[in-house]
Amino acid sequence: MESTFRLGRIFGIPFGINYSWFAVFIVVTFSLASIYYPDNYPGWGMLVWWGLGFATSLLFFGSVLAHELAHSAVSTANGIPVHGITLFIFGGVAKISREAHKPSIELTMALAGPACSAVLAVVFGVTWWLTQSINEPVAAVALSLAAINASLALFNMIPGFPLDGGRVLRSLVWKVSGNFQKATKIAASVGRIAAYGFIFAGILAAFYRQWDGLWFVFVGWFLDRAALDSYRQVAIRDVLKDVKASDLISYHYRVVPTGMTIDELAQEFNRFASRSCCLVVESGRLIGLVTAKQVEAIPEHLRLQTTVLEAMTPWEKLEVAKPEDDVVRIWDLMQSNGGQHVPLMDGSVFVGLVDDESLNRYLSGRHRFWKV
């Protein structure tokens, strides 16, 4: 099941919200409407409190989106495409197609988000100053958003990867050492130390019955996982950089006709458990590809009447590569579109696939990239 709800495009960049966003939106709105605004503005009444809580939450996530758009604008300006922006429980993430190729680009990309948040903090602060004697509710929302954006800028500048401050640290170490992977390892290690600091602070706060500290434990755990996963991504790319697509070619597929039902295809996948996709042919011509995941997504009561032709991904919509391509390009294609298979074409001739199984098989004997 897709975990992100797509909303549209801004400046040509797709954006959406992860389903975890709804949970945090409810929590933030409830906290503002039932605690913050009643405590600070007791005479305004429940309707006003909830209205301000809802408005502040929306503008808060709008601020997070602006933060990510700032990163994306610098990325795009430097020739690094952005595949999309997703808002989720801890803020947002811009999904770029590849890493920066120079420390200076990495630095400007990293600083763009916190700079945007700092500017928004000033804008909302000025709005509060101008409206506090004219419209108190507007001033209250502006003051909250000024504090939120200032906190967002400061939090993101913690010098631990994958936070923006960690990317700044990586760019500086990269500039000095000339070694991108070493710089990533140092920034990720600092990120994990920062994560442990959050976890320790949260446990200490909970020990003194300040239960809000449990949130710091959760944040610390998330940052630790993110730092480790981010380093692994870079290390995997380093392992794959000299490997050609033809070295990892896979023949774990079968050829099926367009008229086969999904029920029949499901049985086919069950008989050949090692096969994770099938090529679809019509009159001897390849016209698409259908995966086990696509089959699983179709409800059982519809499988007898749904054909492979209806469920497949048409050939012209598939990302393809050449046998001589670097596997890093294959990896990037899989990361960008969430796919598991990339067909290899020698001119107009299909020669095989590179899939996640062949990639994992190659990586399984090279454990050094798992260590930070």
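The values are calculated or read from the model by the stated rules, or taken from the named source; none is laboratory data. Bear in mind the structure is a predicted one, so any value in this text is a computation, not a measurement. For neighbour counting, all protein chains shown are included, and Cβ atoms are generated from backbone atoms with ideal geometry for every residue, glycine included. Accessible surface is based on the protein model in full, side chains and every heavy atom, while ligands, DNA and RNA are left aside. Shrake-Rupley method; radii C 1.70, N 1.55, O 1.52, S 1.80 Å.
Specify whether the C-alpha gyration tensor of segment 145-197 places it in the rounded, prolate or oblate class, a ≥ b ≥ c being the square roots of the eigenvalues: rounded for a/c under 1.5, otherwise prolate if a/b is larger than b/c and oblate if not. Taking the square roots of the gyration eigenvalues as a ≥ b ≥ c, segment 145-197 is oblate. Expressed as a whole percent, the accessible surface of the chain that belongs to carbon and sulfur atoms is 63, based on a 1.4 Å probe.
For segment 1-58, what Kirkwood radius comes out of the mean inverse Cα-Cα distance, in Å? Don't skip to the end; give the middle numbers.
Numbers: mean 1/r = 0.0773 Å⁻¹.
Mean inverse Cα-Cα distance, inverted, gives 12.9 Å.
For segment 166-212, trypsin sites (Lys or Arg not before Pro) are listed when DSSP marks them as loop and at most 11 other Cβ atoms sit within 10 Å of their Cβ; the list is R209. Among complete DSSP H helices in the chain, those whose alpha-carbon atoms stretch at least 24 Å along the helix's long axis and whose mean Kyte-Doolittle hydropathy reaches -1.0 are 46-77, 103-131, 136-156, 180-207, 213-240. Extension gain for K322 to L302 (0.36 nm times residue separation, less C-alpha to C-alpha distance): 3.6 nm. For H83, the amide hydrogen comes within under 5 Å of the amide hydrogens of K95, I96, S97, counting only partners 5 or more places away or on other chains and with H modelled in the peptide plane. Assuming 1.002 mPa s and 20 °C, estimate D for segment 120-247 with Stokes-Einstein, Rh taken as the Kirkwood radius over Cα pairs, in µm²/s. Answer from the Stokes-Einstein relation: 125 µm²/s. Per residue, the solvent-accessible area of segment 27-72 (1.4 Å probe, heavy atoms of protein chains only, all protein chains present) comes to 47 Å². Heavy atoms of the protein chains alone define the surface here; on that basis segment 216-263 has 45 Å² accessible area per residue at 1.4 Å probe size.
Counting pairs on different chains as well as pairs 8 or more places apart, how many Lys pairs in the chain have Cα atoms under 14 Å apart?
Numbers: K102/K175; K182/K371; K185/K371; K244/K322.
The number of close lysine pairs in the chain is 4.
Once backbone amide H atoms are built at 1.01 Å from N, L353 has S250, L344 as its partners under 5 Å, excluding neighbours fewer than 5 places away on the same chain. Cβ-Cβ distance of N40 and I193, R₀ of 35 Å, FRET efficiency by 1/(1 + (r/R0)^6): the value works out to about 0.45. Taking 7 Å steps out from each Cα toward its Cβ at I287 and N270 produces label points 2.7 nm apart. Loop sites here are GluC sites (Glu not before Pro) outside DSSP states H, G, I, E and B with no more than 10 other Cβ atoms within 10 Å. The longest part of the chain free of them is 3-323. Here's the picture: a label point sits 7 Å out from the Cα of Y362 along the beta-carbon direction, and within segment 174-206 the residues with their amide nitrogen under 20 Å of it are 181. Paramagnetic label reach from H83 (point 7 Å along Cα→Cβ; backbone nitrogen cut-off under 12 Å): within segment 221-237, no residues. Proximity of backbone amide H atoms, modeled 1.01 Å from N, is registered between G160 and G165, G166 at under 5 Å, excluding neighbours fewer than 5 places apart on the same chain. Taking the DSSP beta bridges in the chain as the whole, what percent of them are antiparallel, to the nearest 5? So the antiparallel bridges amount to about 75 percent of the total. Distance from the Cα centroid of segment 299-357 to that of segment 5-27 is 27 Å (rounded to whole angstrom). Note on L309 and V239: their simple-model spin labels are 4.3 nm apart, each label 7 Å out from Cα toward Cβ.
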